1. Consider only pairs whose beta carbons are under 7 Å apart and that are at least six residues apart or on different chains; among these, list those whose first residue lies in segment 61-80 and is aliphatic (A, V, I, L, M) and whose second residue is at pLDDT 95 or above.
2. Select from segment 347-357 the residues that are of a type outside the set (D, E) and modelled with pLDDT of 95 or more and write down the one among them that is nearest to A197 (Cα to Cα).
3. Of all helices (runs of 4 or more DSSP H) completely enclosed by segment 1-72, which ones contain at least 2 residues that are modelled with pLDDT of 95 or more, crowded, with 17+ Cβ neighbours inside 10 Å and not aliphatic (A, V, I, L, M)?
4. If you take the residues in segment 193-221 that are touching a Pro at 6+ places or on another chain (Cβ under 8 Å) and of a type outside the set (D, E), which one is surrounded by the fewest Cβ atoms within 10 Å (Cβ to Cβ)?
5. For segment 4-37, enumerate the residues that are within 26 Å of the chain's Cα centre (by Cα) and either under 27 Å from T78 (Cβ atoms) or of a type in the set (V, I, T) (or both).
6. For segment 369-406, how many residues meet the condition of being within 23 Å of R194 (Cα to Cα) and part of a loop (DSSP other than H, G, I, E, B)?
7. What are the residues in segment 194-216 that are of a type in the set (G, A, S) and over 21 Å from Q239 (Cβ atoms), if any?
8. From the set of residues in segment 227-247 that are assigned to a strand (DSSP E or B) and either touching a residue at least 60 places away in the same chain (Cβ under 8 Å) or not assigned by TED's automatic domain parsing to the domain that holds F212 (or both), which is nearest to K402 (Cα to Cα)?
Amino acid sequence: MRVDQLAAAWMRTRRALRFSSSQLEARRARQWRQLQPVLARTPALAAVAWGPWEAVPITEIAALRADYGAWNSLGLSTKTLHAMADAAEQGLATGSLSAGWSTGSSGAARGLFLATSKERADYLGQSLARLLPARALLARQRLALHLRASNALYSDVQRKRFVFGHFPLNDSNEQTRSALEAFAPTILIAPPHRLAALAEAGMNLPTLRHLFVGSEPMGEAERDAITTRLGCASRSIYQATEGFLGAECAHGHLHLNDHSLIIELEPVPGTPGYRPIITDLRRVSQPIVRVRGDDYIELGASSCPCGFAGRIIYPPQGRVSDVWRFAQCTVTPPQVVAAMESALGGDALWQAEARFERVVLHLSPHCLARDAERASATLISKCQLPVPVEVVRDLTGWQGPKRRRVVSHHG
């Protein structure tokens, strides 16, 4: 990865952070026009190249994941891409072109991302511009990434002033705690459920200056609890296999990356929220055009003191597929999270699972009976549930790299 490409991406992004909404719209239109030759080389999109983006049919993520060979502009087959992603999982080099599996991917339709060296420079330049103040780039930084697998997308950041360390999620909490304390990061990126466990275990990171959370939802009470224990306020990164979708600014607002993506917000019936339809205007090896995501999103404030005109959303708290739909009412993931945190605070281990005839509330075996009763009653009252809540104290931890606290099994 060339440093000049990374620097150019950083400057482009920093300049765009000062644009008005109309300037951002004009920028997106220009980027769309520049993307057309790439679409013409992509089998799944060749028929709609050179037209308006609104004319491109919306694609479900499952359809994209079923045939990655049709969704790249490099002529690579699905089999080849799978092999590259598997090699990256094992820490093997794949040349200037990198591929990898997304966090939490499993089953036949796994999330796979593809990036050239130039795209990785663009990604890192955008990320550094959105996440860190300019002065942080002048100091030596130790970046710790606590995710399922490492990838060149992140490790390419290693430069004279940046030291990169990957700490895999399949390591135990004790292993991770010891390794992180020895590494002494100044920057840490991790999922909330592991941060919560590490903070509870007494992890001490006095060098930490920048803490970012991603890959899964985190409630406000949990965020406050982690901040108190680690002594460093966290900021949210909104990212999916389909793109770097947004980041929280220094004023605490999560802005969509409207400088480099077209993110349409499709209303979710019966709720105040939306699901994203994603077009990434900077990706060329694996174009993402009008791909429908499953995150449940609600809009936040209309403006921010930071000056960036990118739309503000609340951090996603769950999936559209996990909205609870009863005959009498609809309950969204943010409602469930708010109710549970008001009853149990930010440290509790819980999962709320909606079934057709009841809600099953999974709690820790160590949860006191009075706290379990309060959680059940609060969930019923705040979410106006028309069904009973069954409390089961059987949740001892989280399996897999991603946590799901709000689940729907209706039907």
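1. Every condition considered, the pairs that remain are I61/V291; I61/R292; L64/W71; L64/V291; A70/P43; A70/A44; L74/S285; L76/G69.
2. W350
3. Hits in segment 1-72: 21-40.
4. T207
5. T13, W32, L35
6. Summing the residues that are within 23 Å of R194 (Cα to Cα) and part of a loop (DSSP other than H, G, I, E, B) in segment 369-406 gives 13.
7. Within segment 194-216, A197, A199, A201, G202 meet the criteria.
8. A240
The values are calculated or read from the model by the stated rules, or taken from the named source; none is laboratory data. All figures in this text were calculated on a predicted structure; none of them were measured in a lab. Every residue, glycine among them, receives a Cβ derived from its backbone with ideal geometry; neighbour counts consider all protein chains shown.
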